[in-house]
Amino acid sequence: MLDMLGEKPEQAAPPDMLFSDAVRRWLEDVRHRVDEVTYQGHEVQARAHILPYFDDLQIRLCDVDGETLQTYINVKAKFGRSDGHGGLSAV
């Protein structure tokens with residue numbers, strides 16, 4: 001069916017791919033499956049919060065686990081505001 005539609009199945013991520021690069025790849029993949037406003041919301045959150053943190057960390061996608069994500073959430077809860085004054089809410 002994918003051949004008939006001219007689409008390629010999503011390829012598995014290379015084992016050494018960085019998590020931040022996987023997020024960028026996901027943004028490109030999802031861009032054509034959601035409306036523009038939804039995509040822009042995803043992109044803003046990724047560029048403002050997720051990518052800077054994980055670009056600095058340089059962690060591979062295969063090494064991300066629950067502890068890695070919980071640490072990210074904790075850091076953002078304490079220091080996540082872009083103005084540097086406090087953390088992000090749970091929302």
- Item | region 44-66 residues that are under 11 Å from F19 (Cα atoms), paired with ones that are β-branched (V, I, T) (beta carbon under 6 Å, 6 or more apart) | I50/V23
- What residue, among those in region 63-87 that are assigned to a helix (DSSP H, G or I) and acidic (D, E), is nearest to the chain's Cα centre (by Cα)? D63
- Item | Failed condition for V37, given (1) under 24 Å from A13 (Cα atoms); (2) assigned to a helix (DSSP H, G or I) | (1)
- Number of the exception - W26 against (1) surrounded by fewer than 13 Cβ atoms within 10 Å (Cβ to Cβ); (2) within 11 Å of the chain's Cα centre (by Cα): (1)
- In region 33-62, what count of residues is obtained for those that are over 18 Å from V75 (Cα atoms), over 11 Å from the mean Cα position of the chain (by Cα) and among the aliphatic types (A, V, I, L, M)? 2
- Query: Only one of (1) farther than 26 Å from A12 by Cβ; (2) among the hydroxyl-bearing types (S, T, Y); (3) crowded, with 16+ Cβ neighbours inside 10 Å is not met by Y72, so which one is it?
  - Reply: (1)
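Each value in this text was obtained by applying a stated rule to the coordinates, not by laboratory testing. Just so you know, these numbers come straight off a predicted model, no measurement behind them. We place every Cβ from the backbone using ideal geometry, glycine too, and count neighbours over all the protein chains shown.
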